[in-house]
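Worksheet: one structure, shown below.
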């Protein structure tokens with residue numbers, strides 16, 4: 001927009017950089033930015049009014065305060081609509097057209113649209129929505145369409161707020177802060193649900209969360225065909241409990257049987273892709289020849305990189321620098337020798353797995369991402385196998401990250417073997433706790 005002197009100064013250097021806001025494609029603010037902006041404005045206006053009653057009394061402050069609050073709520077709800085539409089696409093469920101509801105301003109209609117579709121898409125959404133519903137009703141009752149706090153009269157010349165009389169802005173602020181927190185939590189809960197469904201571990205009526213619960217209720221797989229297990233009775237119980245057909249439960253069980261996390265509960269764990277256990281152990285032994293685990297054994301919790309002061313000409317420091325450089329050069333040479341050996345003794349599939357497991361540890365949330373990550377690293381590893389080996393040999397924290405990934409993928413035997421051989425048990429437990437990783441394998 002050219003020559004807009006109100007919004008755009010002739011010289012940007014005239015003002016401090018922190019006074020400029022990024023808008024449009026600059027920073028790409030989404031609807032949450034807008035919603036939080038109006039909400040924060042309302043809260044700040046309340047603070048200003050309470051501190052400066054003479055200059056900004058509640059009698060005039062109440063209108064911009066309530067308008068900002070109400071508009072913030074509308075924006076949050078419309079943000080939820082975008083998630084609902086995306087989730088419906090993932091699940092291939094047809095819902096009402098969002099184009100009309102996105103243009104609407106009636107909070108009651110928007111909320112009804114949301115809760116109706118929440119119930120269709122995932123019952124967890126409606127459970128969370130119930131925490132917010134009373135607040136939405138309050139705003140919907142007093143200002144459904146966003147006109148009450150904008151103008152003193154409606155389109156038919158009727159005065160607004162004649163049944164209200166008093167609005168206490170301190171009480172209003174207290175309740176709105178509670179609402180804003182709940183709205184934010186619900187926003188991120190929608191995001192979580194979307195990411196969960198992107199794993200494709202769901203059926204028509206069962207979410208990934210439901211599949212996990214069913215897996216925990218099923219008996220061990222080797223018992224399924226034994227008469228005393230009464231598997232048919234359990235099967236019928238589950239169809240009734242989750243209100244699904246036998247066919248849908250069969251589909252759910254097939255997902256569970258081929259799932260790294262859920263298969264663990266029934267005693268079936270899929271193998272890693274094109275993976276050789278012996279080759280894997282051989283690689284780790286070679287990695288250990290050029291790396292150490294002092295940062296684990298010393299209970300430091302993280303590895304330490306010695307800092308070298310190249311500007312210090314002290315004789316002792318010069319010797320230290322020289323020693324470290326020599327040590328680094330020797331390690332580089334040794335890694336080169338080991339790489340040549342590993343190229344001829346470890347197949348590509350195992351190397352791809354080492355790459356995948358290393359990055360999976362910190363970058364992936366769900367076990368389903370393992371297969372996707374494997375395919376991602378497959379091309380690079382095949383194109384430059386020696387470079388890939390070299391890259392992993394240089395990773396100082398390779399071993400514990402691999403163990404964490406193996407545990408998350410229910411590869412219990414391999415993970416426990418490595419923990420025992422390299423005394424990793426306590427370190428791994430601390431890492432799982434600090435990262436808030438909940439896995440079914442209990443490290444006793």
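The values are calculated or read from the model by the stated rules, or taken from the named source; none is laboratory data. Worth saying up front: this structure is predicted, and the values here are computed from it rather than measured. Here Cβ is always computed from backbone atoms with ideal geometry, including for glycine, and neighbour counts include all displayed protein chains.
Could you tell me which numbered condition residue 158 fails, if it satisfies all but one of (1) in contact with a helix residue (DSSP H, G or I) (Cβ under 8 Å, 6 or more places away or on another chain); (2) modelled with pLDDT under 95?
Exception for residue 158: condition (1).
From the set of residues in segment 401-427 that are assigned to a helix (DSSP H, G or I) and within 22 Å of the chain's Cα centre (by Cα), which is nearest to residue 366 (Cα to Cα)? Working first, answer last.
The first filter runs over segment 401-427 and keeps only residues assigned to a helix (DSSP H, G or I), leaving 401-408, 412-421, 425-427.
Then keep just the ones that are within 22 Å of the chain's Cα centre (by Cα); that gives 401-408.
Values: 401: 16, 402: 16, 403: 16, 404: 13, 405: 11, 406: 13, 407: 12, 408: 9 Å.
Ranking the candidates gives 408 first.
Please specify each residue of segment 143-180 satisfying the condition of being under 20 Å from residue 105 (Cα atoms) and touching a residue at least 24 places away in the same chain (Cβ under 8 Å).
143, 144, 145, 146, 148, 149, 150, 176, 179, 180
Looking only at residues that are more than 26 Å from the chain's Cα centre (by Cα) and in contact (Cβ under 8 Å) with a residue 40 or more places away in the chain in segment 181-233, which one is surrounded by the most Cβ atoms within 10 Å (Cβ to Cβ)? Spell out the reasoning first.
So the first thing to find is which residues in segment 181-233 are more than 26 Å from the chain's Cα centre (by Cα), and the list is 217-233.
In the following step, the residues that additionally are in contact (Cβ under 8 Å) with a residue 40 or more places away in the chain were identified as 218-222.
Working: 218: 21, 219: 15, 220: 11, 221: 15, 222: 11.
Among residues in segment 181-233 that are more than 26 Å from the chain's Cα centre (by Cα) and in contact (Cβ under 8 Å) with a residue 40 or more places away in the chain, the one surrounded by the most Cβ atoms within 10 Å (Cβ to Cβ) is 218.
Among helices (runs of 4 or more DSSP H) lying entirely in segment 62-155, which contain 1 or more residues that are closer than 15 Å to residue 183 by Cα and under 23 Å from the mean Cα position of the chain (by Cα)?
Values: elements: 98-103, 107-121, 123-143.
Hits in segment 62-155: 107-121, 123-143.
Just checking, which of 33, 76 is closer than 30 Å to residue 141 by Cα and touching a helix residue (DSSP H, G or I) at 6+ places or on another chain (Cβ under 7 Å)?
Working: 33 fails: touching a helix residue (DSSP H, G or I) at 6+ places or on another chain (Cβ under 7 Å).
Every option except 76 fails the conditions.
Just for helices (runs of 4 or more DSSP H) wholly inside segment 249-335: which have at least 1 residues that are buried (at least 18 other Cβ atoms within 10 Å of the Cβ) and at pLDDT 85 or above?
Working: elements: 263-266, 277-290, 294-297.
Once the helices (runs of 4 or more DSSP H) in segment 249-335 are filtered for at least 1 residues that are buried (at least 18 other Cβ atoms within 10 Å of the Cβ) and at pLDDT 85 or above, what remains is 263-266, 277-290.
Report, by residue number, each residue of segment 371-396 that is crowded, with 17+ Cβ neighbours inside 10 Å and within 26 Å of the chain's Cα centre (by Cα).
Listed by number, the residues that qualify are 373, 374, 377, 378.
Table: residues versus (1) closer than 20 Å to residue 169 by Cα; (2) at pLDDT below 95; (3) surrounded by fewer than 19 Cβ atoms within 10 Å (Cβ to Cβ).
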position	(1), (2), (3)
33	no, yes, yes
46	yes, no, no
50	yes, yes, yes
72	yes, no, no
99	no, yes, yes
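Looking at 116, 145, which is the one that is exposed (fewer than 15 other Cβ atoms within 10 Å of the Cβ) and out of contact with any helix residue (DSSP H, G or I) (no Cβ under 6 Å at 6 or more places or on another chain)?
Numbers: 145 fails: exposed (fewer than 15 other Cβ atoms within 10 Å of the Cβ).
Just one listed residue meets the conditions, 116.
Looking at 197, 222, 151, 187, which is the one that is touching a helix residue (DSSP H, G or I) at 6+ places or on another chain (Cβ under 8 Å) and either modelled with pLDDT under 95 or closer than 21 Å to residue 258 by Cα (or both)? Explain how you work it out, then say what you get.
Values: 222 fails: touching a helix residue (DSSP H, G or I) at 6+ places or on another chain (Cβ under 8 Å); 151 fails: touching a helix residue (DSSP H, G or I) at 6+ places or on another chain (Cβ under 8 Å); 187 fails: either modelled with pLDDT under 95 or closer than 21 Å to residue 258 by Cα (or both).
Answer to the selection: 197.
Could you tell me how many of the residues in segment 229-248 are modelled with pLDDT of 95 or more and part of a loop (DSSP other than H, G, I, E, B)?
Residues meeting the conditions: 4.
Does residue 114 satisfy the criteria of being in the same structural domain as residue 31 (by TED's automatic domain parsing) and more than 22 Å from residue 34 (Cβ to Cβ)? Can you show your working first?
Working: in the same structural domain as residue 31 (by TED's automatic domain parsing): yes; more than 22 Å from residue 34 (Cβ to Cβ): no.
No.
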